[in-house]
Each structure stands twice: as C-alpha cells, then as structure tokens.
Amino acid sequence: MPSIRRFLLVSLLSTITCVLTGAAIYTYYDVTKKINSIFDAQLIEAAHVIRHTVEHSIAHHIGNLDEIFSPTQTYLPPKLWNIIYGDDLHHYDTRRVFQIWSEDGELLAKTESAPSFPLAKDSEGFTNSQMGKYTWRVYTLIDKEHHLRFQVAQRNDVRSNLVQHLALGNILPDLLIYPLTIFIIFFSIRAAFKPLKRTVTEVKNRALEHLQPINTIEVPVEVKPLIDEINLLLARLDESYAREKRFTADAAHELRTPLAALKTQAQVATNAHDKAEYQIALNKINQCVDRCARVVTQLLTLSNLRPDEPLKEVQTIDLSKLAIEIISELASDAVHKHITLSFDASNTPAITQGNATLIQVLMRNLIDNAIRYTPEQGKVNISTHVEAKQTIFCIEDTGPGVAPELYDRIFDRFYRELGNKAQGSGLGLSIVQQIVELHSATIKVSKPNQHSGLKIQVSFPNGN
Ligand SMILES: Nc1ncnc2c1ncn2[C@@H]1O[C@H](COP(=O)(O)OP(=O)(O)OP(=O)(O)O)[C@@H](O)[C@H]1O
Ligand SMILES: [Mg+2]
C-alpha cells in the first residue's frame, strides 16, 4: 500500500543526498581547477622572476654568465635565492625546484633538491613528469636572448593536498548539516501527519451509531476535501440509518393493530358456530390482510424515496398518457362506487422531465384518495394542462373535502381525518409530497370552484 510519509521521506532524502553529493563533486572539481591555475600561474611567475633576476644580475652587477654561475657551483647563489624567495620560505615552497640550463645543455644552476638531469623536455610551457615516486608539474621558459632555459617545477601532491584540504573545508559543513536535515525532515513529516492521526483515532473510537461529522478544525487543508466528503457520506448514512429505524418503528406500530385484529378474527373463525359467522370472520381477515399489505407497500415506497439524492432515471414524460394509464387501472374502483371518472387532456402535450414510476405513484395515490373519499354517485375529474412554464396535473372530486386549516396536516405521515371510515395508512399524501419535492414541483390543495369536495393541483416544470 502506498505511504505518503514513506514517499516524502524517500524523495526528500534522496533529493538532498543527490544535491549535496553533486555540490561536493562540483566543489572538488572547481577547487582543483582553481588551485591548478593559481599554482600554474605561480610557476610562470617564478620562472619569470628567476629570468629577470638573472638578466638584472648580468646587466648591473656582475656582467656575464660565468661570473654569476661558477663552473663548479650549480647551486643557486644565496643572493639570487633570497631575491627570488625572500628569507622566509613557505612550507609548500620547499617542494618547488628550478633549474637554469645553458643552450648547449649545461646545468648552470639549480635549487638543492632539484635533480641534475632536465626536469622536462626542451619545449616551452607546461609538462607533467615523473621523478621518483612523485609526479611534478614543470614549467619551461626559454630565454633566446641569453640562450638560457629556465625550468620551474612543483610536486603535484602539494596541489592535491591543498585541494583536499580546501574541498573538505567546504564540504564539511554540508556533511554536518546532512544528519540535521534528515532529523528535521523526519520530525516535520511526523508533525504534519499528527492531525491526520488524531482524526483516525477519533473515527476509530466512535460507536457504530455515532455518525456525527468528523471535526475538521485541525485537519490540514489538503485533507479537508476528503474529510468533507466523508462527512457528507456520514450524513447520508445517518439519514438512511434514521430512515431504517423509522421504517421499523412505523411498520411495528402500524401493523400491530391489524395483526391483533387478524388474530382475533382467526379465533372467531375457529370458534364459529355456523357458516355465516365463519364467513364474516373470513371477510374481516381478508380486510386485515389488505390493510397490512397496503401499510407495507406504502411504507416501502416511502422509505425508498430519498429526498437527499438526485432523481434517478429521469425521462421526458407526457402526464396525459400516464394519467390515462392510472385511470384505467383504478377505473374498476370508481365503477364499484358508481363514481363518474372523467379526464380532460391538455390540447398541447403535457410534457415534463421526471421519473415515470414515481409520477405514477403520485397519480395513483391522488386518484385513489379521490375515489376512496368521494361517496357513491360522486364525480372525480382529472385534467392536465400546460401553462407558460408549467405542466399541470389536476384532480377534483365531489367528496367531503378537507377543512382549509387541515390542508397542511393531511401531508403529515399517518395523518388521517377523525371518523375516516375508508381504509388507509395515512401515508399516501406524504409520499405524494416527497415525489413533488424530488421533481421540483409544487402542490396546491383547495376547494373546487363549482362544488364542494377537494381539488389538488400539482405543477411540474415544463419539460419542453
Ligand atoms: N380526496 C380527499 N377527500 C377528502 N379527504 C381526503 C382526500 N384525500 C385525502 N384526504 C384526507 O387526508 C388523509 C391523508 O391521506 P393519505 O392519502 O395521506 O392517507 P390515506 O389515504 O388515509 O392512507 P393511504 O396511505 O393508504 O393513502 C386521508 O386520511 C383523508 O382523511
Ligand atoms: Mg390515500
């Protein structure tokens, strides 16, 4: 499993290691280059100083070469030595030697430690030459006027020692900073992950039903969107948990009475003295079973409606076509009660966008109510029409209607008017209202203009 902490540690540490190693290599090569050019310049300078000193001696003091360099004395005359190097010799200078050669290959002078053979070939400029166990850097200067050849040399290990010394001086602070940096990075990452760890502990210690949002105050901004999404999920879970609890409680509450009645009627049927009594009990059992089935169906419909979730399976719907379907489904109930069921379809297609199944549930509940609560010989009229921005489904009946002060209450769950003899669970209009909300529609209850009864009008957004 990928770990952000490990990734950060590995990437930061490898970056720092690479940068520091690169810097160390660069420092080493840069110092080497600079030291070489400084020391080479010194060799050139030394060769020129020796040449000028010799020329000066020839011109002003002694007059000719033989007097400066005696045939037996090849060591540098002390006077010349002092002019070139001064009295105080630097410890590196002991490793610098030079020779002065005549044109015909005679060694005229040399420093004491220099060999008696030429330090390098004749050509002017720099060469490296191996003498004994050391490599020497040799600079040759040819004085054509006086027919002299000056050779100044220095051991290469002097340079490499100095390079190492200087490079180490530069790299050492980095080497000391390196473990400190690792330490700081390690603890910074640890500190950065601390709020996350706290959140994990908070979630871990929660009880199953504790679905309150996770505290986001101390959560880092980078993680906040994730926690926000989890909080939304928790809210949805809480809602569905509550819905489930409500469903169970409602089912238990609503089924208790019909089930008790069912049991009573079953006992009556068992102990029936004659067939008529037995038949009455059986009819009542039938009614109880119908009631139970209706309660269960309505409760399931209600619990499946999720107002917090967007509407699914949205399609273009013609309200007139759906109304005709439901009317034909419920027509037999109306016929049974001698109720005149009529339908006025809109001239223009009554189009809206929505979930066909849910709109059918809505229509079924409204038409069912109208038929159920309208007394025999009554009238139920259903119509659809289109207004500027709305497609309207309207249902009117000639039943007892509802008192205006109860228009809002009839949408409450389990609300049923007192003295209501018709069967029902009191959930139909509550379901209707949720479907209305899911479709961003509106519902209006009123009294029909022409007669008593109830008029319910549902206005959907126009789907054209
Ligand atoms: N057309 C109507 N005429 C008169 N009263 C009505 C009409 N429609 C609804 N009501 C009243 O509103 C109450 C709530 O209706 P609702 O449809 O929510 O529940 P229900 O019909 O009792 O039960 P069910 O859940 O089985 O539909 C009804 O009990 C009834 O008293
Ligand atoms: Mg109803």
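Points worth noting:
- Ranked packing of 170-176, 416-422, most packed first, by mean Cβ within 10 Å: 170-176, 416-422
- Here each label is just a point 7 Å from Cα along the line to Cβ, and for residue 405 and residue 146 those points are 13.4 nm apart.
- DSSP beta bridges confined to the chain are antiparallel in about 90 percent of cases.
- Straight-line cross-link partners of residue 455 among the lysines, defined as a Cα under 25 Å from its Cα and at least 8 positions apart when in the same chain: 321, 337, 379, 389, 421, 444, 447.
- Every pair of different Cα atoms in region 281-326 enters the Kirkwood calculation, which places the hydrodynamic radius at 13.9 Å.
- Using alpha-carbon coordinates, inclination of helix 319-336 to the longest axis of the chain, degrees: 30
- Scalar couplings 3J(HN,Hα) for region 42-55, obtained by applying the Karplus form with A = 6.51, B = -1.76, C = 1.60 to θ = phi - 60°, are 4, 5, 4, 4, 4, 4, 5, 4, 4, 4, 5, 4, 5, 4 Hz; x denotes Gly and Pro.
- Note that region 357-367 has calculated 3J(HN,Hα) couplings of 4, 5, 5, 5, 4, 4, 5, 4, 5, 5, 5 Hz, one per residue in order, obtained from phi through the Karplus relation 6.51 cos²θ - 1.76 cosθ + 1.60 (θ = phi - 60°); glycine and proline are x.
- Each Lys or Arg adds one and each Asp or Glu subtracts one; over the other residues with Cβ under 9 Å from the Cβ of residue 462, this totals 0.
- Once the Cα atoms are used to define both axes, helix 275-304 deviates from the longest principal axis of the chain by about 30 degrees.
- When region 315-461 is reduced to its Cα atoms, the Kirkwood hydrodynamic radius in Å: 15.3
- Per residue, the convex hull spanned by the alpha carbons of the chain comes to 325 Å³.
- Annotation for region 169-243: trypsin sites (Lys or Arg not before Pro) lying in DSSP loop with at most 16 further Cβ atoms inside 10 Å of their Cβ are 206.
- Order by protection proxy (mean Cβ within 10 Å, highest first), peptides 207-216, 427-436: 427-436, 207-216
- Angle in degrees between helix 428-438 and the longest Cα principal axis of the chain, rounded to the nearest 10: 30
- Computed packing ranks the peptides 139-145, 359-365, 261-267 as 359-365, 139-145, 261-267, most packed first, by mean other Cβ atoms within 10 Å.
- For region 296-377, the set of GluC sites (Glu not before Pro) satisfying both a DSSP loop assignment and a count of at most 16 other C-beta atoms within 10 Å is given as 313, 376.
Read the figures in this text as sums done on the coordinates, not as results from a lab. No experiment lies behind these values; they were computed from the predicted model shown. No Cβ is skipped: glycine too gets one built from the backbone with ideal geometry, and neighbour counts run over all protein chains shown.
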